[in-house]
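Student: One structure coming up, written as structure tokens, with questions to follow.
The values are calculated or read from the model by the stated rules, or taken from the named source; none is laboratory data. Bear in mind that the values here come from a model prediction, so they are computed numbers and not experimental data. Neighbour counts are summed over all protein chains in view; Cβ atoms, including those assigned to glycine, are modelled from backbone coordinates with ideal geometry. Heads up: the accessible areas ignore ligands, DNA and RNA and are worked out on the full protein's heavy atoms, side chains in. Shrake-Rupley method; radii C 1.70, N 1.55, O 1.52, S 1.80 Å.
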Amino acid sequence: MNILNEFLQSIQGIFQTSGFFLNDWRNYIMIGIACVLMYLAIKKQFEPLLLLPIAFGMLLVNLFPAIMVPPQTTMQLVSDYMTAHGGAAGNYPIVLLNGQQYYQVTQVGGLFYYLYQGVKLGIYPPLIFLGIGAMTDFGPLISNPKSFLLGAAAQLGIFTTFIGAVFLGFSGKQAGSIGIIGGADGPTAIFVTSKLAPELLGPIAVAAYSYMALVPIIQPPIMKALTTKKERGIVMEQLRPVSKLEKILFPIIVTVVVSLLLPDACPLIGMLMLGNLFRESGVVGRISNTAQNELMNIITIFLGVTVGATATGSVFLSLQTIEIIILGLLAFSFGTAGGVLFGKLMCWTSHGKVNPLIGSAGVSAVPMAARVAQKVGQEENPGNFLLMHAMGPNVAGVIGSAVAAGVLISILG
Amino acid sequence: MSLDQKIQLSIIILLTGLVVVFIVLIFLTYLIKGYGAALRAIQSDSNESKASVPAATAASVQSVSVPAAGPSVQAGITEETVAAISAAVYTLYGASAGRVASIRRSSQPSRSVWGMAGLLESTRPF
């Protein structure tokens, strides 16, 4: 009988520590959302490199919330501890409370807690930028520096969405983090949010990456609504070739200028340009390869799963998340509209030499936004190749959103 | 936050943000334009000085009707390839680009063939 009781108690204990007992309905909804995101990543290939680890991180944290808990310290009577450990003394600090000796027993945190420190301390996003820099060819931007203006205009979405977020009741810091979704740059969004409003990291990261994946659906209607058929059919002149020296000097000049003017943007811009210098200098091929392949992939895994792990049911399933997702969509739309409208202005001032569609690529989302400009342009004129022209504003958008991030951190941080 | 504070904060962020982003990027635009032009000028000067030396040498020699020399071609590159490259250069840059002076194989790229294939895959239009 005693054995049966012990057996039943053991089974009960196991059940009480299982996910079925500890998790609430919100965790199960989040597991459902994680499965939908995994379906989108695998079946529809929506930004799978990031969406898949994010979705799996979300799945894990809702199955086993302790995977994200920080280290905890508990007080245990020294005598109790020694009894439980066969008389062996513990290697913990001893505290005297009410005349009794206690061990300060430290319990290690969950796996994702430690991996998450790279997000929390702002380490992963600049390292991702290092890899992006090593993969990016700034040639189209150097050959047509006016593209910088389109990259600046497309940041309109960040600042207009900030206003919307403030009026919806978000604090200044939270509104800045929501606005940066309009930069269409995942690492920048995570960097700013981890500095300004870490409590919103999950919803903002998921919204940012989801919208980046949806760029081919969100942008074309806005681009078509704001341009005429004639403007969309404009064929742009061939870009001039860029010398190697120009490409080598570019990252150095951009780093010096941006870091001096806006020190808060230095970690992002500095690492982006360091990666690019690795690539363009041609003397550190091995490092360049590592930055754009192994390092990038490792950081992507850590960043993805830990950002996904911030999306617990209690945090994610709230009105705030719905508001963030709607505001994120507005941010993307305003950013696209800002770029296209500035493209129209440049088209007008250049007497029709600039196709306004390339302005839409100023929202970053490299290279998806440039590919969308190419596709929409080709629908009007199948012989029109806007891809390289759109790559200029596209990479300018990366620099522009990092500068905008610096402004937000500087003012609100 | 009161309504007045919200309006004030919104205007500050909107104006400061857009103005700073535009100033920084306009500054970079002119800087890149400037150094690009300067480098091109320096490079064209050095090319002209290099070109003037053989021209002077040629002038001092009694010239007979020698057909224009073709580009110096690295061993192993066929005439058909040379013709195709020359035609492509002419199509892209026109007669103003001058003539093709030399054709040689590029050095081994730092990216692997598989890496290059991946890059092309991810940057290819739909």
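Student: Is the C-alpha gyration tensor of segment A:222-276 telling us rounded, prolate or oblate? Criteria: a/c under 1.5 is rounded; beyond that, a/b larger than b/c is prolate, otherwise oblate. Could the numbers behind the result be given before it?
Tutor: Numbers: a/c = 3.92, a/b = 1.75, b/c = 2.24.
The shape class here is oblate.
Student: Go ahead and estimate [θ] at 222 nm for the protein assembly as shown from helices alone: -39,500 (n - 2.57) per DSSP H run with n ≥ 4, summed, over the residue count, rounded to 500.
Tutor: -22000 deg cm²/dmol
Student: A follow-up question, please. Please enumerate, by chain and number, the lysines with C-alpha under 25 Å from the C-alpha of A:LYS375, excluding those fewer than 8 residues away in the same chain.
Tutor: Once the sequence-local lysines are set aside, what remains near A:LYS375 is A:LYS43, A:LYS44, A:LYS146, A:LYS224, A:LYS229, A:LYS230, A:LYS344, A:LYS353.
Student: From the phi angles alone, apply the Karplus equation (6.51, -1.76, 1.60; θ = phi - 60°) to segment A:48-60 and give each ³J(HN,Hα) in whole Hz, x where the residue is Gly or Pro.
Tutor: Computed from phi, the couplings for segment A:48-60 are x, 4, 9, 5, 5, x, 4, 5, 6, x, 5, 4, 5 Hz.
Student: Tell me which chymotrypsin sites (Phe, Trp or Tyr not before Pro) from segment A:259-344 have a DSSP coil assignment and no more than 13 other beta carbons within 10 Å of their own.
Tutor: Nothing satisfies the criteria.
Student: Could you give me the radius of gyration and the Dmax of the protein assembly as shown, taking only the C-alpha atoms into account and expressing both in angstrom?
Tutor: 28.9, 121
Student: In terms of modelled amide H atoms, which long-range or inter-chain residues lie less than 5 Å from the amide H of B:ILE103?
Tutor: B:SER72, B:VAL73, B:GLN74
Student: Based on the mean of other beta carbon atoms within 10 Å per residue, what is the order of A:8-16, A:140-148, most packed first? Write down the numbers at each step before the final one.
Tutor: On the way: A:8-16: 10.1, A:140-148: 24.6.
By packing density, highest mean first, the sequence is A:140-148, A:8-16.
Student: While we're on this one: Quick one: Karplus J couplings for segment B:34-40, per residue in order, coefficients 6.51, -1.76, 1.60, θ = phi - 60°, nearest Hz, x for Gly and Pro?
Tutor: Computed from phi, the couplings for segment B:34-40 are x, 6, x, 5, 5, 5, 5 Hz.
Student: While we're here: What are the ³J(HN,Hα) couplings of segment A:121-138, residue after residue, when phi is run through the Karplus curve with 6.51, -1.76, 1.60 and θ = phi - 60°? Round to Hz, x for glycine and proline.
Tutor: Residue by residue, segment A:121-138 yields 8, x, 9, 5, x, x, 5, 5, 4, 4, x, 4, x, 5, 9, 8, 9, 7 Hz.
Student: Let a ≥ b ≥ c be the square roots of the eigenvalues of the Cα gyration tensor of segment A:114-412; is it rounded (a/c under 1.5), or, if not, prolate (a/b larger than b/c) or oblate?
Tutor: Working: a/c = 1.81, a/b = 1.19, b/c = 1.53.
It comes out oblate by the Cα gyration axes.
Student: Within 10 Å of each Cβ in peptide B:31-38, how many partner chain Cβ atoms are there on average? Round it to a whole number, please.
Tutor: Averaged over the peptide's residues, the number is 6.
Student: Check which residues have an amide H placed less than 5 Å from A:LEU77's amide H, if you skip close sequence neighbours.
Tutor: Sorted by chain and number, the residues that satisfy this are A:TYR103.
Student: Let a ≥ b ≥ c be the square roots of the eigenvalues of the Cα gyration tensor of segment A:12-84; is it rounded (a/c under 1.5), or, if not, prolate (a/b larger than b/c) or oblate? Walk me through the intermediate numbers first.
Tutor: On the way: a/c = 4.40, a/b = 2.38, b/c = 1.85.
Prolate, since a/c reaches 1.5 and a/b exceeds b/c.
Student: Compute the accessible area per residue over the protein assembly as shown, keeping the other protein chains in place, probe 1.4 Å, unit Å². Write out the running numbers ahead of the final one.
Tutor: Numbers: 26730 Å² over 539 residues.
Roughly 50 Å² per residue, with all protein chains present.
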